[in-house]
Amino acid sequence: GDLDARVKVVTGDETGSLAQAINDLAADLKVYRDTRREFLANISHELRTPMTYLEGYTKILKENLYQSEAEKEQYLDIIQQESVRLNHLINDLFELSKMEEGKFSLNQEWIDLREVVENIHHKVSLKAKEKGVIFAFTIEEDVSLVFGDGLRMEQIFSNLLDNAIRYTDQGIISLNIKSLQPYEILIEIIDTGNGIPKEDLSYIFERFYRVEKSRSREHGGTGLGLAIVKQLVEIQGGTIQVFSELGKGTRFEIRFPVTSKKGNGGEEL
Ligand code: ADP
């Protein structure tokens, strides 16, 4: 009776699927180990590069191996840039590992994206102006509040807009916030920059993936920015996609669900 119902006879078919499941698990474990190994190798490489600069240029300065004051200044600048990069890299790594371990706390509340943008607008405009590109921002009237972490939202927007400025030499970068009634908010970050080759598009959210290594380095990039952005969007319940055309520009689309339509005169759903 009872026992018979619980003890299942393992048929040949089931042995097969059990073996298949074990094989799949072993394959997953291998992918996990390989990814981990690759990640550690990447970190070592990323840390070694600035360390090499720091060591080399400190030695030159210490042994007075420079020809002029101007040259000395130049070396000091490099040392400073590389220290900043190293610091940035360590912070980014720390953030990512916290997020991946789930040890990351969000201060979620009902936030107005208009305010989020107001907080970063000045900084972004300044950077855009320095680069000679235009920064345009639009938000639809009826965009409702989002349940999220305001500071993390600022970080998402800043990261994507910084990239947009970094990889655009002329034209416009824009941030548009729209309401896809009634359940979704769409945030677009669009630039008229150099774009991303098709073959690279599916990798750009991966840690340390860079299309142009030299350009990224030049700007103090760590190759972790988009990996962090993706995590930040996803832990707040959103999704992110990228569309790009080489030589024309890039568009990032972020979608957040609207679970309850509070504020802005709206009523609870
Ligand atoms: P990085 O610190 O190198 O900018 P990210 O993770 O922020 O690292 O971006 C990964 C790579 O994606 C960049 O190195 C760059 O090649 C590419 N990328 C990101 N944003 C843009 C953009 N708006 N236009 C063109 N390429 C971009």
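For the condition surrounded by 10 or more Cβ atoms within 10 Å (Cβ to Cβ), of a type in the set (A, V, I, L, M), closer than 29 Å to residue 206 by Cα and without any contact (Cβ under 8 Å) to a residue 40 or more places away in the chain, what is the one hit in 29, 47? Before the answer, list the steps.
Working: 47 fails: without any contact (Cβ under 8 Å) to a residue 40 or more places away in the chain.
Testing whether each residue is surrounded by 10 or more Cβ atoms within 10 Å (Cβ to Cβ), of a type in the set (A, V, I, L, M), closer than 29 Å to residue 206 by Cα and without any contact (Cβ under 8 Å) to a residue 40 or more places away in the chain leaves just 29.
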Could you check how many residues of the stretch 167-202 are under 14 Å from residue 135 (Cβ atoms), of a type in the set (Asp, Glu) and more than 9 Å from the ligand (Cβ to nearest atom)?
1
Close pairs (6 angstrom Cβ cut-off, 6 or more residues apart or separate chains): modelled with pLDDT of 85 or more in the stretch 95-109, part of a helix (DSSP H, G or I) and not β-branched (Val, Ile, Thr) anywhere
99/231
Mind checking which residues of the stretch 129-147 are modelled with pLDDT of 95 or more and either touching an Asp or Glu at 6+ places or on another chain (Cβ under 6 Å) or of a type outside the set (Lys, Arg) (or both)?
130, 132, 133, 134, 135, 136, 137, 138, 139
Close pairs (6 angstrom Cβ cut-off, 6 or more residues apart or separate chains): in contact (Cβ under 8 Å) with a residue 12 or more places away in the chain and part of a loop (DSSP other than H, G, I, E, B) in the stretch 195-209, open to solvent by 20 Å² or more (accessible area, probe 1.4 Å) and basic (Lys, Arg) anywhere:
195/248; 205/230
Considering residues of the stretch 248-260 that are open to solvent by less than 60 Å² (accessible area, probe 1.4 Å) and in a loop (DSSP other than H, G, I, E, B) only, the residue modelled with the highest pLDDT:
258
Total residues in the stretch 164-215, condition under 30 Å from residue 114 (Cβ atoms) and either surrounded by 15 or more Cβ atoms within 10 Å (Cβ to Cβ) or in contact with an Asp or Glu (Cβ under 9 Å, 6 or more places away or on another chain) (or both):
28
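The values are calculated or read from the model by the stated rules, or taken from the named source; none is laboratory data. None of these values were measured; they are calculated from a predicted model. Glycine gets a Cβ as well: all are built from the backbone with ideal geometry, and neighbour counts include every protein chain shown. Ligands, DNA and RNA are stripped out before the accessible areas are found, and what is left, the full protein with its side chains, is counted by its heavy atoms. Shrake-Rupley method; radii C 1.70, N 1.55, O 1.52, S 1.80 Å.
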